[in-house]
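K.L.:
Here's a structure for you.
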Amino acid sequence: MSDIRLEPVPGSDQELKLALWASGLPTEDLEDAGRSFFRAVSSDGGTLGYAGIEACGDDVLLRSIVILPEHRGKAFGKSLTRETLKAVNVSSAVFLATTSAAPFFESLGFAVIDRSDVPPAVLATRQLSGICPASATIMKLNRPPT
Ligand SMILES: CC(C)(COP(=O)(O)OP(=O)(O)OC[C@H]1O[C@@H](n2cnc3c(N)ncnc32)[C@H](O)[C@@H]1OP(=O)(O)O)[C@@H](O)C(=O)NCCC(=O)NCCS
């Protein structure tokens, strides 16, 4: 059993927005269509962090992964990412953009890919087309063939 559970939260959730803003993650498009956000809840009901997924045609952008600073370094980030990926259809390719946590996501099965290999619908997301710096690393989840 996991040490966290996920609860859906709307993109308008102020605690979500504050947590992302405080960690330097994009907040401008949280309330746009096609996004789903989750609050990571500990066994005692406290908030550990947040995560989001964004539909891009048949593919998915994993985004807004944040563990509150006081809870970092206890493997909650790994649990949060794994639990969030369970909400993604197994046939969807999963992408993400990060400026500082590429090694963290590599340990979860993501690999760096070239922008030229990113599907147009993923490149067109506000995260990749405008909000994240052009220097952000783009990664794709390596999944076993279905
Ligand atoms: C990235 C983040 C979610 C990791 O959460 P966490 O709970 O501290 O991570 P974990 O404890 O599960 O760490 C798992 C492993 O990743 C490593 N790691 C954690 N954050 C890392 C980072 N930013 N860069 C490189 N490695 C990292 C840990 O050292 C640990 O390694 P180990 O298994 O060898 O001990 C957290 O640091 C965070 O919220 N950062 C700010 C927001 C952010 O950058 N999000 C990612 C972009 S969407």
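The values are calculated or read from the model by the stated rules, or taken from the named source; none is laboratory data. All figures in this text were calculated on a predicted structure; none of them were measured in a lab. Ideal geometry is used to build each Cβ from the backbone, glycine not excepted, and the neighbour counts take in all protein chains shown.
K.L.:
Could you please find all residues in segment 48-75 being under 20 Å from ALA136 (Cα atoms), out of contact with any strand residue (DSSP E or B) (no Cβ under 7 Å at 6 or more places or on another chain) and either surrounded by fewer than 17 Cβ atoms within 10 Å (Cβ to Cβ) or among the aliphatic types (A, V, I, L, M) (or both)?
P.N.:
Restricting attention to segment 48-75, the residues satisfying the condition of being under 20 Å from ALA136 (Cα atoms) are 51-56, 59-67.
From what is left, the residues that are out of contact with any strand residue (DSSP E or B) (no Cβ under 7 Å at 6 or more places or on another chain) are 55-56.
Scanning segment 48-75 gives a single hit, ALA55.
K.L.:
Could you count how many residues in segment 114-146 are part of a helix (DSSP H, G or I) and either of a type outside the set (S, T, N, Q) or closer than 14 Å to ARG63 by Cβ (or both)?
P.N.:
Quick first cut of segment 114-146, residues part of a helix (DSSP H, G or I) only: 115-117, 120-123, 126-131.
If we keep only those that are either of a type outside the set (S, T, N, Q) or closer than 14 Å to ARG63 by Cβ (or both) as well, we get 115, 117, 120-123, 126-131.
Matching residues across segment 114-146 total 12.
K.L.:
For segment 24-44, indicate whether the set of residues that are among the aromatic types (Phe, Trp, Tyr), touching a Leu at 6+ places or on another chain (Cβ under 8 Å) and either modelled with pLDDT under 95 or within 15 Å of GLN127 (Cβ to Cβ) (or both) is non-empty. Explain how you work it out, then say what you get.
P.N.:
Within segment 24-44, the first condition is being among the aromatic types (Phe, Trp, Tyr), and the residues that meet it are 37-38.
Next, from what is left, pick out any that are touching a Leu at 6+ places or on another chain (Cβ under 8 Å): 37-38.
Pick out the ones that are also either modelled with pLDDT under 95 or within 15 Å of GLN127 (Cβ to Cβ) (or both) and you get 37.
The answer is yes; a qualifying residue exists.
K.L.:
Tell me whether segment 82-103 contains one or more residues that are surrounded by 13 or more Cβ atoms within 10 Å (Cβ to Cβ) and touching a Gly at 6+ places or on another chain (Cβ under 7 Å). Break it down into steps so the answer makes sense when it comes.
P.N.:
Here is the first cut: in segment 82-103, the ones surrounded by 13 or more Cβ atoms within 10 Å (Cβ to Cβ) are 82-85, 87-88, 92-98, 101-102.
If we keep only those that are touching a Gly at 6+ places or on another chain (Cβ under 7 Å) as well, we get none.
No, segment 82-103 contains no residue that is surrounded by 13 or more Cβ atoms within 10 Å (Cβ to Cβ) and touching a Gly at 6+ places or on another chain (Cβ under 7 Å).
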